[in-house]
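Participant: Just passing along the structure, written as structure tokens.
The values are calculated or read from the model by the stated rules, or taken from the named source; none is laboratory data. Owing to the predicted nature of the structure, the values given are computational and were not obtained by experimental measurement. Cβ placement follows ideal geometry from the backbone for every residue including glycine, while neighbour counts extend to all protein chains displayed. Surface areas here come from the heavy atoms of the whole protein model, side chains and all, with no ligands, DNA or RNA. Shrake-Rupley method; radii C 1.70, N 1.55, O 1.52, S 1.80 Å.
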Amino acid sequence: RRSLAPCFLAAGVGISLVAFVVVLFLPGWMLRLEADFATAAGEWREVRLADGSSVELAPLSGIDVSLKDGRRDVRLLAGQAFFRVTPDSERPFRVEAKDVRATVLGTAFEVRVDRTGTAVAVAEGRVRVDHGALSRVLVAGRWLQVDGAGGLRDGIRSDSEIGLWRYGEIVAHDQPIASVVKELRPYFNGVIIIASDAVARRRVTGVYRLREPVEALRALGRAHGDISVTQVSPWLVIVSAD
């Protein structure tokens, strides 16, 4: 009697492959169906709106735009966007991300939304951020983050670092490797795995190139001799300790 083991093995491999494809591509497909403008992994896009404002979208980002009835409303569905707004005193420009709203008349700022919450950082001008009963005005160089539980964090960041991803770089100041990997993931058309919590917690400082995420990880590994970066396939990279 023929063994069923090879059949089960083949079925298991097939299921794993399907699951991998779903994890890799489904979020991007769903975002493109829902958004007016969206980007795929590793894709940058600049959108010029009808009012003259511009929006730069980071990879795996999407927005809905409504410029009608005297309103200028944008909803950030996912990812990260940098806005340069054309002044119009009669029509404030509003960006909504989850339950956070940023309102401006004319300025440059970025908004980011992910599983950890929503963040707003101002490069030029002033932005009012509203969240529930909170209403706070941010000036250039200030940022504010609302986490998933409604907790607030704020601080100061160099103007040159706000929206730095638009130029293909990120700067890490004594940050855990997990944070660097989180920044690089949207720029890699595949999966990056950190092998252990101990590696994820290791703190690093450096400037990393987003357009070459695998090489950025290898540079991180070279700077910390006991960190190994292994590219198993074009779509899978593992960061581990030697």
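Participant: (1) within 25 Å of Tyr187 (Cβ to Cβ); (2) part of a strand (DSSP E or B): which one isn't true of Arg94, the others all being true?
Facilitator: (1)
Participant: Which one of Gln80, Gln145 is polar (S, T, N, Q), in contact (Cβ under 8 Å) with a residue 40 or more places away in the chain and either assigned to a strand (DSSP E or B) or out of contact with any Cys (no Cβ under 6 Å at 6 or more places or on another chain) (or both)?
Facilitator: None of the other options fit; the residue is Gln80.
Participant: Of all residues in the range 84-100, which are of a type in the set (S, T, N, Q) and more than 21 Å from Arg166 (Cα to Cα)?
Facilitator: Here is the first cut: in the range 84-100, the ones of a type in the set (S, T, N, Q) are 86, 89.
Residue satisfying the conditions is Ser89 alone.
Participant: Continuing with the same structure: Considering only the range 229-242, state which residues are surrounded by 15 or more Cβ atoms within 10 Å (Cβ to Cβ) and within 15 Å of Val199 (Cα to Cα).
Facilitator: Val229, Val237, Ile238, Val239, Ser240, listed by residue number.
Participant: Could you list, in sequence order, the residues of the range 150-204 that are among the hydroxyl-bearing types (Ser, Thr, Tyr), touching a residue at least 12 places away in the same chain (Cβ under 8 Å) and out of contact with any Lys or Arg (no Cβ under 8 Å at 6 or more places or on another chain)? If you could, list the steps in order and put the result at the bottom.
Facilitator: Residues of the range 150-204 that are among the hydroxyl-bearing types (Ser, Thr, Tyr), as a first pass: 158, 160, 167, 179, 187, 196.
If we keep only those that are touching a residue at least 12 places away in the same chain (Cβ under 8 Å) too, we end up with 158, 187, 196.
Matches in the range 150-204: Ser158, Ser196.
Participant: Could you please let me know if Glu110 is open to solvent by 30 Å² or more (accessible area, probe 1.4 Å), among the acidic types (Asp, Glu) and either part of a loop (DSSP other than H, G, I, E, B) or modelled with pLDDT of 95 or more (or both)?
Facilitator: no
Participant: On to the next question. Just one of Arg211, Arg222, Arg153 is modelled with pLDDT under 95 and either part of a strand (DSSP E or B) or under 16 Å from Glu110 (Cβ atoms) (or both); which is it? Even if it seems obvious, please write down each step before you answer.
Facilitator: Working: Arg211 fails: either part of a strand (DSSP E or B) or under 16 Å from Glu110 (Cβ atoms) (or both); Arg222 fails: either part of a strand (DSSP E or B) or under 16 Å from Glu110 (Cβ atoms) (or both).
It is Arg153.
Participant: Please specify each residue of the range 123-142 satisfying the condition of being open to solvent by 60 Å² or more (accessible area, probe 1.4 Å) and in a strand (DSSP E or B).
Facilitator: Within the range 123-142, the first condition is being open to solvent by 60 Å² or more (accessible area, probe 1.4 Å), and the residues that meet it are 124, 126, 128, 132-133, 135-137, 139, 142.
Result: Glu124, Arg126, Arg128, Ser135, Arg136, Val137, Val139, Arg142.
Participant: Okay, moving on. Would you check if there is a residue in the range 73-86 being at negative phi and modelled with pLDDT under 90?
Facilitator: no
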